[in-house]
Amino acid sequence: MTTRVLILMGSDSDWEVMSEAKRALDELGVGVEVHVSSAHRTPARTGALAREAAGRGIQVIICGAGAAAHLAGVVAAESELPVLGVPLASSDLKGLDALLATVQMPAGVPVGTLAIGRGGARNAGLLAARIIARGDPALAERVRAARLKLASDVEARDAALQAKLKGA
């Protein structure tokens, strides 16, 4: 499986949440590379990972960071690839600081910002797959099938609820 998504996080403690992005991509058969690289503690390494990603076949970069959350912005400044930011709730502000830091990029440095936490990480993986699927018909079909399964699951839950209500 060709690696097409790079997941970066500022700390290994972020993996508990960011693993949701990898899980979503794994379910869709999208190859993923994962690294810990800090915008503040290892800026040269972070910049190199961002600059070299496209040359390694990466098509989308997902960044998870909390508190000051500069990782996605630094990566977006160093790469022309789409960058998706996942704010993490790692401070007393429960992720609001990370959300604001990730979403408030200056003009010319775009970062697609997802929700805070696990749901945002999962959606980042799904969104990365949808971006890549625009040029990959086989992946597009897997994305479509996953969406249909979500709808089917909701309909099954509704049917179970309706049966329960009728029996109550």
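Listed by chain and number, the lysines whose C-alpha is less than 29 Å from the C-alpha of residue 166, apart from same-chain residues fewer than 8 away, are 149.
Comparing mean-square fluctuations of 106, 87, 43 from a GNM of the chain with C-alpha springs under 10 Å, the top value falls on 106.
With all pairs of different alpha carbon atoms counted, what Kirkwood hydrodynamic radius in Å does the chain show?
Hydrodynamic radius (Kirkwood, Cα only) of the chain equals 16.5 Å.
Helices in the chain, meaning DSSP H runs of at least 4 residues, each add -39500 (n - 2.57). Divided by all residues, the mean residue ellipticity at 222 nm is -17000 deg cm²/dmol. Computed from Cα positions, the angle between helix 118-133 and the longest principal axis of the chain comes to roughly 80 degrees.
At a Förster distance of 35 Å, what's the computed FRET efficiency of residue 163 paired with residue 115, Cβ-Cβ distance as r, to 0.05?
It comes to 0.60.
Amide H contacts of residue 89 (H built 1.01 Å from N, in plane; Pro and chain starts excluded): 117 sit under 5 Å, all sequence-distant by 5 or more or on other chains.
Straight-distance candidates among the lysines for linking to residue 94, with alpha-carbon spacing under 30 Å and chain neighbours fewer than 8 residues away dropped: 22.
Among the GluC sites (Glu not before Pro) within segment 63-168, those in coil by DSSP and having at most 13 neighbouring Cβ atoms inside 10 Å are 80. Ranked by the mean number of other Cβ atoms within 10 Å of their residues, highest first, the peptides 112-125, 20-33, 45-58 come out as 112-125, 20-33, 45-58. Between segment 38-65 and segment 102-148, the alpha-carbon centres lie 17 Å apart. Considering only 148, 99, 139, the Gaussian network model of the chain with Cα springs below 10 Å gives its largest mean-square fluctuation to 148.
None of the figures in this text is laboratory data; all of them are computed from the coordinates on show. The structure displayed is predicted, hence computed values, not measured ones. Methodologically, a virtual Cβ is constructed for each residue, glycine included, from the backbone with ideal geometry; neighbour enumeration extends over all protein chains shown.
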